[in-house]
Amino acid sequence: MHYAFDLLVSPVGLMRWVVRSAVLAGLLSAATARAQEQDPAGADAVLAELSDQLVRARFSQTLPAARALLEREDLTARQRVRALEALAVTQIVLGDAEADDTLATLFARDPRHRLGNPDLGPSVQAAFARARERAGEPVQVELGEVRVEPDPGGGSPFVVVTLFEGADAVDEVVLSFRDGRTGFTPLGLRRAAPTEARARLPVVGGGELAYYVEARAPSGATLARLGSPDEPLVAELPERSSEAEPLFSTAQPDTAPAEERDHPGLLGQWWLWTAVAAVLGGAIAGYVLLGPPAHGPAPGSLGQGALE
């Protein structure tokens with residue numbers, strides 16, 4: 001109650017509250033935006049609800065929900081595998097003959113998949129174990145061109161891998177490179193597009209770079225490979241700029257493109273400070289028009305004293 005009164009009578013307290021509220025609102029907005037970018041269609045929320053329904057044995061609800069989810073074309077490789085698992089578990093429990101086909105599809109996309117919920121019944125676990133053992137060839141995944149793109153700003157170059165057939169089954173693309181005669185260093189590539197993955201190399205000097213590329217399923221199983229540790233491929237690196245960083249950088253490589261690296265953080269967003277300025281302007285205007293709050297009687301001609 002005392003704090004609320006201070007906000008009403010103290011312009012400083014009011015201004016502090018406004019700034020804190022604006023910053024908090026901006027942080028919440030940014031977090032929501034990041035979540036929507038990672039899962040724009042809310043598939044993770046649907047999968048979480050499916051998992052809860054499986055635990056509660058509500059199989060009449062999980063069957064149509066899993067099928068509807070698998071009809072979507074915007075799922076990531078990891079989301080599709082999880083949806084296939086939910087459908088397979090439901091079909092096994094209900095005695096659906098299509099369970100074998102669902103399991104075959106699941107293990108073709110991810111040969112080393114393990115049940116997300118290890119507490120499912122023994123019949124479900126046994127069915128998954130049998131399907132894993134008799135799994136055939138994994139889905140056909142074709143890796144295409146690998147190219148090295150120089151950074152116009154003179155920094156370390158980007159490596160870009162193109163994916164062709166089976167790109168929707170790939171959860172991660174990893175490029176393992178070797179500087180000189182040392183061992184290979186793995187570098188995860190960011191999926192910049194459904195058929196393209198890229199990352200920034202931590203080296204900027206010209207010359208040759210030995211490497212190999214792996215396309216991996218959600219469990220880490222290799223679905224396709226270009227080159228190998230014994231027979232790596234070789235790429236020509238752009239010549240080093242005179243203003244570039246040292247040839248070998250020990251810093252963590254930046255996987256974002258140059259235009260994303262220059263993007264300002266939350267405190268650099270124009271909309272945040274516009275909102276703060278608007279609210280503060282209104283508060284200050286009200287303070288000027290209404291005058292300062294009275295914290296006691298104004299001194300008169302007799303001055304101030306104390307009663308004894």
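Within the set of pairs 6+ apart or on separate chains, which have a first residue in region 54-77 that is without any contact (Cβ under 8 Å) to a residue 24 or more places away in the chain, a second that is assigned to a helix (DSSP H, G or I) and of a type in the set (Lys, Arg), and C-beta atoms under 9 Å apart?
Filtered contacts from region 54-77: 70/80.
Residue check, residue 149 against (1) more than 30 Å from residue 236 (Cα to Cα); (2) touching a Phe, Trp or Tyr at 6+ places or on another chain (Cβ under 7 Å), all met but one. Which one?
Answer for residue 149: the failing condition is (1).
I'd like the full set of residues that are assigned to a helix (DSSP H, G or I) and open to solvent by less than 80 Å² (accessible area, probe 1.4 Å), limited to region 126-163.
Hits for region 126-163 are 126, 127, 128, 129, 131, 132.
I need the full set of residues from region 167-189 which are assigned to a loop (DSSP other than H, G, I, E, B) and touching a Lys or Arg at 6+ places or on another chain (Cβ under 9 Å), in order please.
Of everything in region 167-189, those that are assigned to a loop (DSSP other than H, G, I, E, B) and touching a Lys or Arg at 6+ places or on another chain (Cβ under 9 Å) turn out to be 170, 171, 184.
Could you go through region 151-166 and let me know if any residue there is touching a strand residue (DSSP E or B) at 6+ places or on another chain (Cβ under 7 Å), free of Cβ contacts under 8 Å to residues at least 60 places away in the same chain and among the acidic types (Asp, Glu).
No, there is no match, as no residue in region 151-166 is touching a strand residue (DSSP E or B) at 6+ places or on another chain (Cβ under 7 Å), free of Cβ contacts under 8 Å to residues at least 60 places away in the same chain and among the acidic types (Asp, Glu).
Only residues that are in contact with a helix residue (DSSP H, G or I) (Cβ under 7 Å, 6 or more places away or on another chain) and charged (D, E, K, R): list them for region 104-115, please.
Hits for region 104-115 are 109, 110.
Go through region 1-115 and tell me which helices (runs of 4 or more DSSP H), entirely inside it, have 1 or more residues that are at pLDDT below 85, over 21 Å from residue 133 (Cα atoms) and among the hydroxyl-bearing types (Ser, Thr, Tyr).
Counting at least 1 such residues, we get 2-9, 11-38.
What number of residues within region 209-222 satisfy the criterion of being open to solvent by 20 Å² or more (accessible area, probe 1.4 Å) and within 24 Å of the chain's Cα centre (by Cα)?
Counting residues in region 209-222 that are open to solvent by 20 Å² or more (accessible area, probe 1.4 Å) and within 24 Å of the chain's Cα centre (by Cα) gives 5.
Give the residues of region 116-125 that are hydrophobic (A, V, I, L, M, F, W, C) and not in a helix (DSSP H, G or I), sorted by residue number.
Correct list: 120 only.
Filter region 105-119 for residues that are open to solvent by 30 Å² or more (accessible area, probe 1.4 Å) and out of contact with any Ser or Thr (no Cβ under 8 Å at 6 or more places or on another chain) and give the result.
Those that are open to solvent by 30 Å² or more (accessible area, probe 1.4 Å) and out of contact with any Ser or Thr (no Cβ under 8 Å at 6 or more places or on another chain): 105, 115, 118, 119.
Among the residues of region 196-231, which ones are under 25 Å from residue 155 (Cα atoms) and either touching a His at 6+ places or on another chain (Cβ under 9 Å) or at pLDDT 90 or above (or both)?
Passing the criteria: 196, 197, 198, 199, 211, 212, 213.
Please give the number of the condition residue 101 fails out of (1) open to solvent by 40 Å² or more (accessible area, probe 1.4 Å); (2) of a type in the set (D, E, K, R); (3) in contact with a helix residue (DSSP H, G or I) (Cβ under 7 Å, 6 or more places away or on another chain).
Going through the list (1) open to solvent by 40 Å² or more (accessible area, probe 1.4 Å); (2) of a type in the set (D, E, K, R); (3) in contact with a helix residue (DSSP H, G or I) (Cβ under 7 Å, 6 or more places away or on another chain), residue 101 breaks only (3).
Exactly one of (1) surrounded by fewer than 18 Cβ atoms within 10 Å (Cβ to Cβ); (2) small (Gly, Ala, Ser); (3) in a helix (DSSP H, G or I) is unmet by residue 192. Its number?
Checking residue 192 against (1) surrounded by fewer than 18 Cβ atoms within 10 Å (Cβ to Cβ); (2) small (Gly, Ala, Ser); (3) in a helix (DSSP H, G or I), the one that fails is (3).
Inside region 65-98, can you point out the residues that are among the basic types (Lys, Arg) and surrounded by fewer than 19 Cβ atoms within 10 Å (Cβ to Cβ)?
Residues satisfying the conditions are 67, 72, 78.
The values are calculated or read from the model by the stated rules, or taken from the named source; none is laboratory data. All values reported here derive from a predicted model rather than from experimental measurement. Because the Cβ atoms are built from the backbone with ideal geometry, glycine has one as well, and the counts that use them run over all protein chains shown. These accessible areas exclude ligands, DNA and RNA; they are computed on the full protein's heavy atoms, side chains included. Shrake-Rupley method; radii C 1.70, N 1.55, O 1.52, S 1.80 Å.
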